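Data first, discussion second: the structure below is written as structure tokens.
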Amino acid sequence: MSPAAIVKQAQESGLNALALTDHNCTFNLPVFAEVCAREGMACLYGIEVNVLEEAHVLGLFDCLDSALELGKLVYESLPDVPNQAGILGDQPIVNGKDEILGFAEKTLYGASSLSLHSLLEEVHHLGGLCIPAHIARPTNGIISQLGFIPDEDFDAVELRSGDNPELAGRYPVLRNSDSHFLESIGAVYNELEMESLSVENLMAALSL
């Protein structure tokens, strides 16, 4: 699941835009940006944060520097627990040729000390979209963790294929693949009309 492999698979799946949202880090976003520019793939830069409440929440940006700033804040907020590669797997940082440059030292599995509300405020401060991920999933979804969707200024919510759209309440819906394996990229996707991919245009398209 290197950025180069992700973009190649996305192209083969017929996608013309995608976002990379690694768990609790943004270390591979710079090379993702490089590969997308090289291959002519429109992209957003993101992160999937495991907030204090143990719910997963997406931050999406059209500005790489903003995404990296949030990623730095999130990584610093993680417990200072070294990753156990033999149990949880490696956490590689790569370049555009899939060469490993290093590894994320902290485990990316745990929860940030950032609360749901504080993450929302930070994402919006940096000009991004804040979207609770896979809200109906029985683990790490906002409904399973809290029992409801709080009345916050979320930009949208993410549903999986087959989830009841009524669960979204008043929020716009994105249905994403949430791919953790190459073969699932493109299995679920959104069709939206935009002149170009940006945070502003995405919100306008979702509001139609």
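The values are calculated or read from the model by the stated rules, or taken from the named source; none is laboratory data. The model shown is predicted, which means the values in this text are computed figures rather than measured ones. As a convention, Cβ positions derive from the backbone with ideal geometry for all residues, glycine included, and neighbour counts pool all protein chains shown.
In segment 177-186, is there at least one residue being loosely packed, with under 12 Cβ neighbours inside 10 Å, hydrophobic (A, V, I, L, M, F, W, C) and touching a residue at least 60 places away in the same chain (Cβ under 8 Å)?
Of all residues in segment 177-186, those loosely packed, with under 12 Cβ neighbours inside 10 Å come to 180-181, 183.
Those still in the list that are hydrophobic (A, V, I, L, M, F, W, C) too: 181.
When the remaining residues are screened for being touching a residue at least 60 places away in the same chain (Cβ under 8 Å), the result is 181.
Yes, there is a match, as at least one residue in segment 177-186 is loosely packed, with under 12 Cβ neighbours inside 10 Å, hydrophobic (A, V, I, L, M, F, W, C) and touching a residue at least 60 places away in the same chain (Cβ under 8 Å).
Mind checking whether some residue in segment 158-165 is on the phi > 0 side of the Ramachandran plot and at pLDDT 95 or above? Working first, answer last.
Step one: filter segment 158-165 for residues on the phi > 0 side of the Ramachandran plot, giving 162.
Narrowing the set further to residues that are at pLDDT 95 or above leaves none.
For segment 158-165, residues on the phi > 0 side of the Ramachandran plot and at pLDDT 95 or above: absent.
Considering only residues that are without any contact (Cβ under 8 Å) to a residue 40 or more places away in the chain and not in a helix (DSSP H, G or I), look in segment 188-204 and name the one that is surrounded by the most Cβ atoms within 10 Å (Cβ to Cβ).
Val188
Does segment 76-104 hold any residues that are aliphatic (A, V, I, L, M), part of a loop (DSSP other than H, G, I, E, B) and either surrounded by 14 or more Cβ atoms within 10 Å (Cβ to Cβ) or at pLDDT 95 or above (or both), and which are they? Before you say what the answer is, go through the steps one by one.
Kept after step one, since they are aliphatic (A, V, I, L, M), are these residues of segment 76-104: 78, 81, 85, 87-88, 93-94, 100-101, 104.
Among the residues that remain, those that are also part of a loop (DSSP other than H, G, I, E, B) are: 78, 81, 104.
Those that are aliphatic (A, V, I, L, M), part of a loop (DSSP other than H, G, I, E, B) and either surrounded by 14 or more Cβ atoms within 10 Å (Cβ to Cβ) or at pLDDT 95 or above (or both): Leu78, Ala104.
With the condition kept exactly as written, say whether any residue in segment 122-142 is at pLDDT 95 or above and among the acidic types (Asp, Glu).
Yes, the conditions are met somewhere in segment 122-142.
Look through Ile135, Ile142 and report the one residue that is farther than 21 Å from Val31 by Cβ, in contact (Cβ under 8 Å) with a residue 40 or more places away in the chain and among the hydrophobic types (A, V, I, L, M, F, W, C). Spell out the reasoning first.
Numbers: Ile135 fails: in contact (Cβ under 8 Å) with a residue 40 or more places away in the chain.
Matching residue, one of Ile135, Ile142: Ile142.
If I ask for residues that are among the acidic types (Asp, Glu) and within 13 Å of Leu129 (Cβ to Cβ), which ones from segment 153-176 would you list?
Let us first name the residues in segment 153-176 that are among the acidic types (Asp, Glu), namely 153, 155, 158, 163, 166.
Passing the criteria: Asp153, Asp155, Glu158.
Kindly check whether there is at least one residue in segment 123-143 that is over 17 Å from the mean Cα position of the chain (by Cα) and of a type in the set (A, V, I, L, M). Walk me through it before giving the result.
We begin by selecting, within segment 123-143, every residue over 17 Å from the mean Cα position of the chain (by Cα); these are 125, 138, 143.
Of the ones still in play, those that are also of a type in the set (A, V, I, L, M) are 143.
Yes, that holds for at least one residue.
Looking at this structure, is Pro165 over 24 Å from Cys43 (Cα atoms) and free of Cβ contacts under 8 Å to residues at least 40 places away in the same chain? Please lay out each step first, then the result.
Values: over 24 Å from Cys43 (Cα atoms): yes; free of Cβ contacts under 8 Å to residues at least 40 places away in the same chain: yes.
Against the criterion (over 24 Å from Cys43 (Cα atoms) and free of Cβ contacts under 8 Å to residues at least 40 places away in the same chain), Pro165 qualifies.
Go through segment 105-161 and give me each residue that's aromatic (Phe, Trp, Tyr) and either surrounded by 18 or more Cβ atoms within 10 Å (Cβ to Cβ) or assigned to a strand (DSSP E or B) (or both).
So in segment 105-161, the residues aromatic (Phe, Trp, Tyr) come out as 109, 148, 154.
Scanning segment 105-161 gives a single hit, Phe154.
Going through Leu182, Leu108 one at a time, which residue ends up being closer than 22 Å to Ser2 by Cβ and in contact with a His (Cβ under 8 Å, 6 or more places away or on another chain)? Outline the logic, then answer.
On the way: Leu182 fails: in contact with a His (Cβ under 8 Å, 6 or more places away or on another chain).
None of the others qualify; the one that does is Leu108.
Check Ser184, Ser113, Ser179 and return the single one that is out of contact with any strand residue (DSSP E or B) (no Cβ under 7 Å at 6 or more places or on another chain), at negative phi and at pLDDT 95 or above. Before the answer, list the steps.
Numbers: Ser184 fails: at pLDDT 95 or above; Ser179 fails: at pLDDT 95 or above.
Of Ser184, Ser113, Ser179, the one residue that is out of contact with any strand residue (DSSP E or B) (no Cβ under 7 Å at 6 or more places or on another chain), at negative phi and at pLDDT 95 or above is Ser113.
I need the full set of residues from segment 16-71 which are assigned to a helix (DSSP H, G or I), among the small types (Gly, Ala, Ser) and in contact (Cβ under 8 Å) with a residue 40 or more places away in the chain, in order please. Write out each step before concluding.
Let us first name the residues in segment 16-71 that are assigned to a helix (DSSP H, G or I), namely 29-39, 64-71.
Checking the rest, the ones that are also among the small types (Gly, Ala, Ser) come to 33, 37, 66-67, 71.
The answer is Ser66, Ala67, Gly71.
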